[in-house]
Amino acid sequence: MTDTAFRAGVSQMTMGLSPSSLLLHYYDWALHMAMSPGKQLELGELAVENWVRYTRYLADCAMKQGGSSCEQPDAHDRRFKHEGWAHQPFNAFQQAFLLTQKWWDEATTGVRGVERANEKVVNFVARQLLDAMAPTNFVLSNPEILQKTITTGGRNLVDGMHNLQEDMRKVMLQEKPEIPEEFRVGETLAVTPGKVVYRNRLIELIQYAPTTDKVQPEPILIVPAWIMKYYILDLGPSNSMVKFLTDQGFTVFMISWLNPEAEDAELGMTDYRKMGPMAALDEIQKITGAARVHAVGYCLGGTLLSIAAAAMARDGDDRLASMTLLAAQMDFTEAGELTLFINESEVSFLEDMMWKSGYLDASQMAGAFQLLRSNDLIWSRLQHEYLMGERPHPIDIMAWNADTTRMPYRMHSEYLRHLFLDNDFAAGKFMVEGHPVTPRDIMVPIFAVGTETDHVAPWKSAYKTGALTGGEVTFALTNGGHNAGVVSEPGHKHRHFRLGRIFTNNHFVPADEWAESVAPQDGSWWLAWVDWLKGQQSGEPIAPPKMGKALCDAPGTYVMQR
């Protein structure tokens, strides 16, 4: 108990990252580096080579007022887009940083004997430390910030200090992020008409009102992740997936998860499966009389839905007509850089962190997610909000992102251990009702969606659905990230996607080969998805089913919990 309490206290200072885990990774790299004189010599030679190139570059700039750059920023690195970086002395700052970055990338990789996982962590941490020291983060070495400071007479720095003080006050007082007045749930967000027709300890089930005279015979059940509020799929009328589906003639049901408190600490994966998708399926059949249902799972909701579908298939329950997985994973061996933090030391550390409160709060989760995209979520914010003095203009997804949720102690521990750490489901070892389930038992048609720049569920991991399940899988790869790639309504500018079967002539096509063979299409993947759904229907459209007995109007009460 003393150890648990101590580690829980330490976790508050480390954003939930285990110091022991980080040190183990570092020692593996450092000890092997100490035993690699050849590697050390190579790094010494690279350092000399970089210095010679850099001094020659500076000499060329002094002589000709411009020289050929030593290194170019990565294509995805947006930090040096401003035109000022093409001029001296800022280009010299940039080149010094890029050469240093290249040297440390070489230093932290390719050391013989280092565990692959440890190498990735050390390389990742080195990148984070370097990014903190990038010239873009300082007034005098960033041409864009310096120009604004001169133009405004330093007003941007005054505004930035005010922004910093305001944010620090919120952190110290543990205040919830403010949601802008123009984005209110039930007023401007989550406004698709509907009723809460069922409620248990974990979910409210929303049935949405029909908007067409006829509807497809099979209703749709949407299972969002419990790590997020459901209305990411029902933002405003113009970009609501729910409204789009009802307008296309579907009867839509949505699960809205409880935002758990300390008394919910012992709710586990079994509770979420039973009181979530399984309870919702039972209620949908009572209301609509439909024999089969199209199930849609988003992110962790897709993982939970996949486990439920595998158990249903094992037990001969054929109520699913199809399954759609939105940025969801069944196999966690390639779950992106998030897996760098998942090992026994880290999981036990998180369990100790959750011990006191009984849940994992969104602020405790934020650290790891911000590190995955530190240039966008940490350093870009420092530059724009604290040095440029500019607050971002609020949009609906930002408001939704500020409306955070919690996760119960037991459920999150089971999820991390059985899925992320041990990958039990993909291995056919995940236990449901005392017996293992496997994705191979899932035979229903599947429409799987991956997003090109997803840092939470990388698209190649989502693509593995085709190799794991036994049914026909259609895969859509859309541009955007974990949320923006899914919320991709028709008419959204600069959208494209690839669409095709994962199997060709009964042979599984590797992810990169598939992407190269399928030409991108302009527009929204939603339209292709609806055509696919209608192709899975059992018959002609019917009159809309009656609404279930209303407990309250949508969006319900659970979604209002903060």
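The values are calculated or read from the model by the stated rules, or taken from the named source; none is laboratory data. The structure displayed is predicted, hence computed values, not measured ones. Methodologically, a virtual Cβ is constructed for each residue, glycine included, from the backbone with ideal geometry; neighbour enumeration extends over all protein chains shown. With ligands, DNA and RNA removed, areas are computed over all heavy atoms of the protein, side chains included. Shrake-Rupley method; radii C 1.70, N 1.55, O 1.52, S 1.80 Å.
At-a-glance table
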quantity: Residue that is surrounded by the most Cβ atoms within 10 Å (Cβ to Cβ) [pool: residues in the range 207-236 that are over 20 Å from residue 562 (Cβ atoms), at pLDDT 95 or above and under 24 Å from the mean Cα position of the chain (by Cα)]; calculated: 223
quantity: Out of 475, 497, sole residue that is farther than 29 Å from residue 313 by Cα, assigned to a strand (DSSP E or B) and out of contact with any His (no Cβ under 9 Å at 6 or more places or on another chain); calculated: 497
quantity: Considering residues of the range 286-311 that are open to solvent by 10 Å² or more (accessible area, probe 1.4 Å) and either assigned to a helix (DSSP H, G or I) or of a type in the set (Gly, Ala, Ser) (or both) only, the residue farthest from residue 545 (Cα to Cα); calculated: 300
quantity: Selection status of residue 255, open to solvent by less than 10 Å² (accessible area, probe 1.4 Å), part of a helix (DSSP H, G or I) and over 19 Å from residue 526 (Cα atoms); calculated: no
quantity: Test result for residue 188, more than 25 Å from residue 396 (Cα to Cα), at pLDDT 90 or above and open to solvent by 50 Å² or more (accessible area, probe 1.4 Å); calculated: no
quantity: Pick from the range 68-98, criterion over 22 Å from residue 146 (Cβ atoms) and among the hydrophobic types (A, V, I, L, M, F, W, C), ranking: farthest from the chain's Cα centre (by Cα); calculated: 70
quantity: Only one of 491, 480 that is surrounded by fewer than 21 Cβ atoms within 10 Å (Cβ to Cβ), farther than 24 Å from residue 416 by Cα, out of contact with any Gly (no Cβ under 9 Å at 6 or more places or on another chain) and not aromatic (Phe, Trp, Tyr); calculated: 480
quantity: Any hit, the range 520-533, residues being in contact with a helix residue (DSSP H, G or I) (Cβ under 8 Å, 6 or more places away or on another chain), small (Gly, Ala, Ser) and either at pLDDT 95 or above or in a loop (DSSP other than H, G, I, E, B) (or both); calculated: no
quantity: Evaluation of residue 249 against (1) open to solvent by 10 Å² or more (accessible area, probe 1.4 Å); (2) more than 26 Å from the chain's Cα centre (by Cα) (one fails), failing number; calculated: (1)
quantity: Answer residue from the range 454-467, given it is open to solvent by 30 Å² or more (accessible area, probe 1.4 Å) and more than 10 Å from residue 511 (Cβ to Cβ) and is nearest to the chain's Cα centre (by Cα) among those; calculated: 456
quantity: Only listed residue being under 22 Å from residue 409 (Cα atoms) and outside any loop (DSSP other than H, G, I, E, B), chosen from 204, 283; calculated: 204
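This table checks each residue for (1) part of a helix (DSSP H, G or I); (2) surrounded by fewer than 17 Cβ atoms within 10 Å (Cβ to Cβ); (3) modelled with pLDDT of 90 or more.
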| position | (1), (2), (3) |
| --- | --- |
| 66 | no, yes, no |
| 71 | no, no, no |
| 110 | no, yes, yes |
| 130 | yes, yes, yes |
| 146 | yes, yes, yes |
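Conditions (1) in contact with a Lys or Arg (Cβ under 9 Å, 6 or more places away or on another chain); (2) modelled with pLDDT of 85 or more; (3) surrounded by 20 or more Cβ atoms within 10 Å (Cβ to Cβ), marked per residue:
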| site | (1), (2), (3) |
| --- | --- |
| 355 | yes, no, no |
| 378 | no, no, no |
| 383 | yes, yes, yes |
| 392 | yes, no, no |
| 395 | no, no, no |
| 430 | no, yes, yes |
| 449 | no, yes, yes |
| 452 | no, yes, no |
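Conditions (1) open to solvent by 30 Å² or more (accessible area, probe 1.4 Å); (2) closer than 27 Å to residue 43 by Cα; (3) polar (S, T, N, Q); (4) in a loop (DSSP other than H, G, I, E, B), marked per residue:
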residue	(1), (2), (3), (4)
98	no, yes, no, no
104	yes, yes, no, no
162	yes, no, no, no
165	yes, no, yes, no
168	yes, no, no, no
